[in-house]
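Visitor: Structure incoming, see below.
Just so it is clear, none of the values below were taken in a lab; they were calculated from the coordinates. Given the structure is predicted, the values throughout are model-derived calculations rather than measurements. Every residue, glycine as well, gets a Cβ built from its backbone with ideal geometry; the counts of neighbours run over all protein chains shown.
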Amino acid sequence: MLKPFSQACINNRDFILEHLRGLFEDESHKIKEYKVLEIGSGTGQHGVYFSSHLPVQWQMSDFEENHEGINAWIEETTADNCLRPIVLDVSDSEWSSQCYNALFTANTLHIMSWKNVIHFFQKACAALEPNGLVIVYGPFNYNGAYTSESNERFDQFLQASSPEKGIRDIEKVNKLALENHLLPVADYEMPANNRLLVWRFKKAT
Ligand SMILES: C[S@@+](CC[C@H](N)C(=O)[O-])C[C@H]1O[C@@H](n2cnc3c(N)ncnc32)[C@H](O)[C@@H]1O
């Protein structure tokens, strides 16, 4: 099979990796052996790359139709910590029988409907260990304002393809996170007008 390919993934992966290292390391800068669940793995390139650079167990997931491409990437990696994808739609009642130390997703919240963004945050805590992280990469707006002209054009393109799609407001996403026991940790500026948003699961006792 001809492997699916995303140039954007090649462009952004090292910038994301640098932050993942910082987020996953302990006080002595050793990377914790986290279990990570990736939502909407797409081509599978991020999962294969991050698992070959981090000592974490990386579980990819997506709709079944994307698994052949993801598996084609996995077959070429020598990393044995990159697990074959599971079928996962964020609207599924249960995501996985396992709990993870971190959830990662890239370029998905503007692709799925707002209803599914709500599902994403509602289901995230059930899939996380206490103090687990939610890490989301992609374009976002602040108070409804675009951070660049290219993001505005991208949003118009998305909404023309489906009115359910669109760049989300950080404030609305943060509100959803807070409602689901996820406290903000970081909002990193990334190249090409993207953000890396991080929350930590802290259930009130
Ligand atoms: C633009 S692609 C991003 C792929 C990859 N993460 C990347 O950054 O290259 C969006 C991904 O979100 C997935 N997706 C869309 N709706 C979803 C849903 N409801 N549940 C899980 N994944 C979804 C799609 O199947 C697709 O793989």
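Visitor: So if R0 is 35 Å, what FRET efficiency would Gln122 and Ser6 give, r being the distance between their Cβ atoms, rounded to the nearest 0.05?
Guide: On the way: r = 28 Å, r/R0 = 0.80.
My answer for the efficiency is 0.80.
Visitor: Then there's this: Would you mind telling me which residue in Ala126, Ala79, Ala145 has the biggest mean-square fluctuation in a Gaussian network model of the chain, where springs connect alpha carbons within a distance under 10 angstrom?
Guide: Answer for the Gaussian network model of the chain: Ala145.
Visitor: Let me know the Rg and Dmax you get for the stretch 93-205 when you use only its Cα atoms, in Å.
Guide: Over the stretch 93-205's Cα set, Rg and Dmax evaluate to 14.2, 45 Å.
Visitor: Now for a different question. Rounded to whole Hz and in sequence order, give me ³J(HN,Hα) for the stretch 10-16 from the Karplus expression 6.51 cos²θ - 1.76 cosθ + 1.60, θ = phi - 60°, writing x for Gly and Pro.
Guide: 4, 5, 9, 4, 6, 5, 5
Visitor: Quick check: net charge around Glu164, other residues with Cβ under 14 Å of its Cβ, Lys/Arg +1 and Asp/Glu -1?
Guide: The answer is +2.
Visitor: Would you list Met1, Met112, Met190 from fewest to most Cβ contacts within 10 Å?
Guide: Ordered from fewest to most neighbouring Cβ atoms within 10 Å, Met1, Met112, Met190 come out as Met1, Met190, Met112.
Visitor: Give me the net charge of Ser91's neighbourhood, meaning all other residues with Cβ under 14 Å from the Cβ of Ser91; Lys, Arg count +1, Asp, Glu -1.
Guide: -3
Visitor: Considering only DSSP beta bridges where both residues belong to the stretch 7-201, give the percentage that are antiparallel (nearest 5).
Guide: 45 percent
Visitor: To continue, here is another question. Taking H as built 1.01 Å from N, whose amide H comes closer than 5 Å to the amide H of Glu25, not counting residues under 5 places away?
Guide: Here the answer is Lys32, since their amide H atoms fall under 5 Å of that of Glu25.
Visitor: For Ser61, which sequence-distant residues (separation of 5 or more, or a different chain) have an amide H within less than 5 Å of its own amide H, given hydrogens modelled in the peptide plane?
Guide: So Ser61 has HN proximity to Glu38, Gly40, Ser41, Ile86.
Visitor: Could I ask something else about it? Could you work out the Kirkwood radius for the stretch 7-201, taking every pair of different alpha carbons, averaging 1/r and inverting it, reported in Å?
Guide: It is 16.9 Å.
Visitor: Grab the other residues whose beta carbon is less than 12 angstrom from that of Ile118, score K and R as +1, D and E as -1, and report the net.
Guide: Values: positive: Lys115, Lys123, Arg168, Lys172, Lys175; negative: Glu179.
Around Ile118, the surrounding residues sum to +4.
Visitor: Moving to a separate point now. Name the long-range amide H neighbours of Leu128: under 5 Å, sequence gap of 5 or more, or other chain; modelled H, no Pro or chain starts.
Guide: Tyr100
Visitor: Once both labels are modelled 7 Å past Cα along the beta-carbon direction, what's the Gln159-Lys175 spacing in nm?
Guide: My value for the distance between the label points is 1.8 nm.
Visitor: Please sort 45-56, 16-27, 93-104 by packing, taking for each peptide the average over its residues of neighbouring beta carbons within 10 angstrom, highest first.
Guide: So the peptides 45-56, 16-27, 93-104, ranked by packing, come out 45-56, 93-104, 16-27.
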